[in-house]
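Right, one structure below, let's go through it.
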Amino acid sequence: MAAVEIRGVKKSFGTTPVIRGVDVAIADGEFTVLVGPSGCGKSTLLRMVAGLEEITEGEISIGGRVVNSIQPKERDIAMVFQNYALYPHMTVYDNMAFSLMIAKASGASIKERVQKASDILGLGQLLDRYPRQLSGGQRQRVAMGRAIVRAPQVFLFDEPLSNLDAKLRVQMRAEIKELHQRLKTTSVYVTHDQIEAMTMADQIVVMREGLVEQRGRPLELYDLPQNTFVAGFIGSPAMNFIPAVLHKVDGVLSVKFGDGSTVAAPKRIDAGATRDGQPVIYGVRPEHFALSANGQGIPTRVSVVEPTGANTEVYSRFCDTDLVSVFRERHEFAPGDVVHLEPDALHTHLFDAASKQTLMRHETQHEFS
Ligand SMILES: Nc1ncnc2c1ncn2[C@@H]1O[C@H](COP(=O)(O)OP(=O)(O)O)[C@@H](O)[C@H]1O
Ligand SMILES: [Mg+2]
């Protein structure tokens, strides 16, 4: 196992900058997820760690050793891809044994390591099969087995679950997490799926257009997103954003909307960073609205109600903004009904409208859990 450090890394293809200066520290044994929209540079960054792309500028080290000019096979990493990349003409056993044979491991040690990996992954009954005789989930497990047998210092995953159907994806997500809890191998996992990031990561790195927007523990990012991009990217349904203006009267802060109505400013606001009349974006997660019986809060008009069984998701409009709220209870609203949504000021957010950066205090999460 080994720590991975990415320092001031840049990458251009020709004259096009794709990674524009990234710093990420990954502790020994940690599971780090790189997440962001398609095209933001996740795979490129991972491939630079693997040694499959040259580093234009900056430094990457694995286990304290700078690897910029070290060949992929000398880096002691194993990579798992989205498309499995199994050898079709080899059995499951041979697929797993192949890299060890190339590395000239002894027959006994190959047998032992393949056996151990197949036990961990539940592949024992499938060792004589060929990839075409396996389901998608089984193939993905073999691809992981191939990585495990090598007992590398670092696992690199590039969207390994994207080709699986939704149910299998959820199951494999838990399996990979369990595997990591067991092996504790330093892992870097790329996905565009924020739920995978939230559920699997020790550390999440949110990327956008070749830069890191924020990194931290999953619930840190959820509770204290540094800007509207991270706030909108992490969480589903996404955080609601309402354009507003900040009012500061005798030191008391309130948030005024386009229709002239107001709500209390977030409790965790960094008052020193704000001014009267400042254009802001007010953010509320769907689960942080309560239904108000006495006409308090934000008056919205219902457009669609979605009962999921466990929850009721209500889509409604306020001042040209679409809002979504989620309730544990069942509600039978009709389209056109007026519903008053009361935000929980302990959990609301405020961002500067121009910079899109947070106006909240930097606290640790336990203060408002
Ligand atoms: N070999 C390449 N040559 C030129 N451009 C590339 C190459 N590989 C990736 N890119 C570009 O770099 C950007 C980031 O790609 P990628 O790292 O694959 O993003 P992600 O994995 O986040 O979807 C994209 O705009 C992509 O088109
Ligand atoms: Mg990619």
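The values are calculated or read from the model by the stated rules, or taken from the named source; none is laboratory data. No experiment lies behind these values; they were computed from the predicted model shown. Glycine also receives a Cβ, built like all others from the backbone with ideal geometry; neighbour counts cover every protein chain displayed. All accessible areas refer to the heavy atoms of the entire protein, side chains included, with ligands and DNA or RNA removed. Shrake-Rupley method; radii C 1.70, N 1.55, O 1.52, S 1.80 Å.
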Open item on the list: Being in a loop (DSSP other than H, G, I, E, B) and over 26 Å from the mean Cα position of the chain (by Cα) is the filter here; which residues of the range 75-103 pass it?
Closed with: Leu86, Tyr87, Pro88, His89, Met90, Thr91, Ala103
- [ ] Of all residues in the range 55-64, count the ones that are open to solvent by 40 Å² or more (accessible area, probe 1.4 Å) and within 19 Å of Leu34 (Cα to Cα).
- [x] 1
Open item on the list: Any residue that is in contact with a strand residue (DSSP E or B) (Cβ under 9 Å, 6 or more places away or on another chain), of a type in the set (Gly, Ala, Ser) and surrounded by fewer than 20 Cβ atoms within 10 Å (Cβ to Cβ) - is there at least one of those in the range 65-83?
Closed with: no
TODO: Could you look through the range 237-256, keep only residues that are of a type outside the set (Val, Ile, Thr) and exposed (fewer than 14 other Cβ atoms within 10 Å of the Cβ), and pick out the one that is nearest to Ala197 (Cα to Cα)?
DONE: Gly251
Open item on the list: Can you list residue pairs whose Cβ atoms sit under 7 Å apart, with the first residue in the range 14-42 being more than 18 Å from Leu221 (Cα to Cα) and the second being within 11 Å of ligand 2 (Cβ to nearest atom) and part of a loop (DSSP other than H, G, I, E, B)? Count only pairs 6 or more apart in sequence or on different chains.
Closed with: Val18/Gly41; Ile19/Gly41; Ser38/His192; Lys42/Gly36
TODO: Quickly run through the range 178-214 and pick out the residues that are in a loop (DSSP other than H, G, I, E, B), surrounded by fewer than 21 Cβ atoms within 10 Å (Cβ to Cβ) and either within 15 Å of ligand 2 (Cβ to nearest atom) or free of Cβ contacts under 8 Å to residues at least 60 places away in the same chain (or both).
DONE: His192, Asp193, Glu209
- [ ] State the number of residues belonging to the range 20-52 that are more than 11 Å from ligand 1 (Cβ to nearest atom), within 19 Å of Leu161 (Cβ to Cβ) and either open to solvent by 50 Å² or more (accessible area, probe 1.4 Å) or part of a loop (DSSP other than H, G, I, E, B) (or both).
- [x] 0
- [ ] Search the range 151-163 for residues being within 16 Å of ligand 2 (Cβ to nearest atom) and hydrophobic (A, V, I, L, M, F, W, C), and hand back the single one that is nearest to Ala78 (Cα to Cα).
- [x] Leu156
Task: Residue that is modelled with the lowest pLDDT, among those in the range 139-168 that are in a helix (DSSP H, G or I) and in contact with a Gly (Cβ under 9 Å, 6 or more places away or on another chain) - done: Leu168
Open item on the list: Being modelled with pLDDT of 95 or more and more than 16 Å from Arg275 (Cα to Cα) is true for just one of Leu253, Leu221, Leu246. Which residue is that?
Closed with: Leu221
- [ ] Test Asn227 against the stated conditions and say whether it is within 16 Å of ligand 1 (Cβ to nearest atom), surrounded by fewer than 20 Cβ atoms within 10 Å (Cβ to Cβ) and touching a residue at least 60 places away in the same chain (Cβ under 8 Å).
- [x] no
- [ ] Kindly provide the set of residues from the range 278-302 that are in a strand (DSSP E or B) and either without any contact (Cβ under 8 Å) to a residue 60 or more places away in the chain or open to solvent by 50 Å² or more (accessible area, probe 1.4 Å) (or both), ordered by number.
- [x] Pro279, Phe289, Ala290, Leu291, Ile298, Pro299, Thr300, Arg301, Val302
Task: Checking Leu221 against (1) part of a helix (DSSP H, G or I); (2) in contact with a Pro (Cβ under 9 Å, 6 or more places away or on another chain), the condition it does not meet - done: (2)
Task: Residue count for the range 4-19, restricted to those that are small (Gly, Ala, Ser) and surrounded by 13 or more Cβ atoms within 10 Å (Cβ to Cβ) - done: 1
Task: Residue count for the range 55-74, restricted to those that are touching a residue at least 40 places away in the same chain (Cβ under 8 Å) and part of a loop (DSSP other than H, G, I, E, B) - done: 4
TODO: Return a yes/no flag: does the range 328-346 have any residue that is touching a Lys or Arg at 6+ places or on another chain (Cβ under 7 Å), under 30 Å from Lys248 (Cβ atoms), touching a residue at least 60 places away in the same chain (Cβ under 8 Å) and in a helix (DSSP H, G or I).
DONE: no
